[in-house]
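Rule-based calculations on the coordinates, nothing more; no lab input. Just so you know, these numbers come straight off a predicted model, no measurement behind them. Virtual Cβ from ideal backbone geometry, glycine too; neighbours counted across all protein chains shown.
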Amino acid sequence: MQDSTPILVGAGQYVGRDMSHAALLKSPVDIAGIAAQRALDDAQAHKALAAEVDMLVVIRMFEHSVGDRAMWPNPFGSTNNVPWSVAKRIGATPREAIYAEVGGQSPQRLINRMAERIHAGELRMALLTGAEAIATIREATRRGYELDWHEEASGEFEDRWPGVPFVTPYEQAHGIAWPIHVYAMFEQVRRHARGMSTDACRADIARLFAHFTETAAQHPYAQFPSAHDQAFLSTVSPQNYLLCEPYTKWMVAQDSVNQAASVLMTSVGAARELGIPESRWVYLTGYADVDDQTVLKRPNLAASNAQNLAVRTALASAGVGIEAVKYLDFYSCFPIAVSSIAEPLGLPTDGSRPLTLTGGLPFFGGPGNNYSMHAIATMVDKLRADPQARGLVVANGGYLSKHSAAVYACAAPANWQPLSSSAAQAEAKADTGIKVDERATGAATIETFAAIVNKGAPADGFVVARMQADNARVMARVVKGDAATLAALFQEQVIGRPITVSLQGDLHQFAIAS
């Protein structure tokens with residue numbers, strides 16, 4: 001085995017559930033530092049490792065994930081320099097620091113990149129961490145606590161914002177904005193293809209997610225460690241209210257969390273030099289990163305070709321099939337994100353095969369862009385306890401847009417080499433032949449839709465449709481005040497209905513054809 005082989009040697013997690021008084025409330029930078037220190041300690045080296053860290057990566061917080069405003073209001077302030085504020089808490093002085101780009105794929109994608117740089121000799125030790133304290137922000141605001149999280153830190157870092165756009169202005173103006181609405185729109189395609197009623201679709205989701213809740217109930221770092229049965233998950237109720245058909249509250253990522261996770265990476269040679277026991281080593285044996293077309297260019301709106309390519313490329317690069325993988329964690333911001341991975345692999349979605357290590361974003365918790373760091377940290381613990389097994393982590397960002405996957409094992413690869421996803425990426429970005437007509441008007445047919453609920457009542461909606469004249473795709477919104485068209489989106493048989501599309505300025509609107 002080469003000394004340059006990259007390995008994961010430390011993992012740390014944190015959860016804060018008790019918010020009963022102000023002294024318990026920590027900033028996201030605080031808890032990112034706690035998880036980072038736990039990862040350093042977890043390596044069990046002969047010496048403190050903070051001074052060995054020459055690369056520090058912090059996953060972007062939600063409040064910094066939208067360019068022109070805070071994604072979530074935070075009245076308590078923040079640091080001007082997230083990476084170096086974390087570094088200060090653990091006593092590190094990294095040669096390089098990164099504040100990562102937006103997206104749930106970021107933890108896994110950055111681990112892939114750090115592995116390559118460690119193998120190339122460009123880095124000795126990389127520490128990746130991230131955190132969210134949205135639950136604290138909301139609870140402290142509600143209770144009227146006075147917190148001051150303002151901080152000034154010096155030190156150069158690479159701010160990876162905004163990254164590559166994964167949505168067009170046309171898509172965004174017509175509804176491709178809030179993820180819950182977009183994923184629910186994808187779910188409607190799957191529901192329709194399977195001939196399921198809306199209630200049957202919710203029951204199907206409940207079968208998938210019931211075992212997720214059981215896993216969360218047993219995970220020491222879950223924000224919501226409670227099991228729910230299928231009846232609770234599938235029933236619309238005051239505790240499980242409807243958000244966007246067919247999704248209820250407990251079918252979607254829960255962002256009101258106080259969670260942090262961190263992973264420490266180095267090389268085999270450095271680990272030996274530092275006295276890190278081989279029992280702590282976990283190998284990245286295969287990986288891939290593949291990004292999809294923008295939503296309207298995808299042939300199948302119930303799946304992501306790029307996601308499928310990323311998973312299959314990662315497995316192939318590890319030289320294994322899915323049948324050889326014992327532990328799985330599939331990104332679970334919404335149910336369709338899980339089924340779109342499992343079904344192409346021939347895996348059941350009825351709960352009979354565990355598809356999560358944590359309980360997933362609805363039940364373990366959805367700490368912004370950093371969820372998959374928790375999955376990876378948990379995978380490290382699982383494999384150390386079961387060193388003959390393999391594990392697969394699949395991470396997703398955007399609207400099934402950005403995908404990173406990796407196979408992990410305690411068994412050392414014979415000759416670790418950097419892997420290229422270029423062939424899969426080229427296939428994912430190949431022209432699909434789908435025309436999007438941003439100025440079309442006239443007769444069209446609904447391909448899928450979002451039916452949005454607010455406080456238990458229909459509130460808004462939009463559709464993706466095909467123009468009857470040339471099959472071009474368009475998006476269109478419900479005309480404000482058109483109660484009849486809005487109500488039609490909440491009927492069982494919406495997909496396939498004829499509509500009339502019109503233009504109001506640059507905005508497509510639609511009405512149900514008479």
Extension length gain for Ala153 and Ala414 (0.36 nm per residue less Cα distance), in nm, is 89.7 nm
Taking θ as phi - 60°, what are the ³J(HN,Hα) couplings along region 432-449 by the Karplus curve (6.51, -1.76, 1.60), each to the nearest whole Hz, with x for Gly and Pro?
-> 8, x, 8, 9, 10, 10, 7, 10, 5, 9, x, 6, 8, 10, 5, 8, 6, 7
Mind checking which helices in the chain clear 24 Å along their axis (Cα) and have mean Kyte-Doolittle hydropathy of 1.0 or more, DSSP H runs only?
-> none
For Glu278, placing the label point 7 angstrom along Cα-to-beta-carbon and taking region 1-31, residues whose amide nitrogen sits under 14 Å are 1-3
Row for region 113-188, column shape: gyration tensor on C-alpha, a ≥ b ≥ c, rounded if a/c < 1.5 i.e. under 1.5, prolate if a/b over b/c, else oblate; value oblate
Pairwise Lys count, the chain - Cα closer than 27 Å, eight or more residues apart or different chains = 16
Between rounded, prolate and oblate, where does region 137-224 land on the alpha carbon gyration tensor, with a ≥ b ≥ c its root eigenvalues, rounded for a/c under 1.5, else prolate if a/b exceeds b/c?
-> oblate
Here, Thr500 and Leu24, labelled 7 Å along Cα→Cβ, have an inter-label distance in nm of 5.9 nm
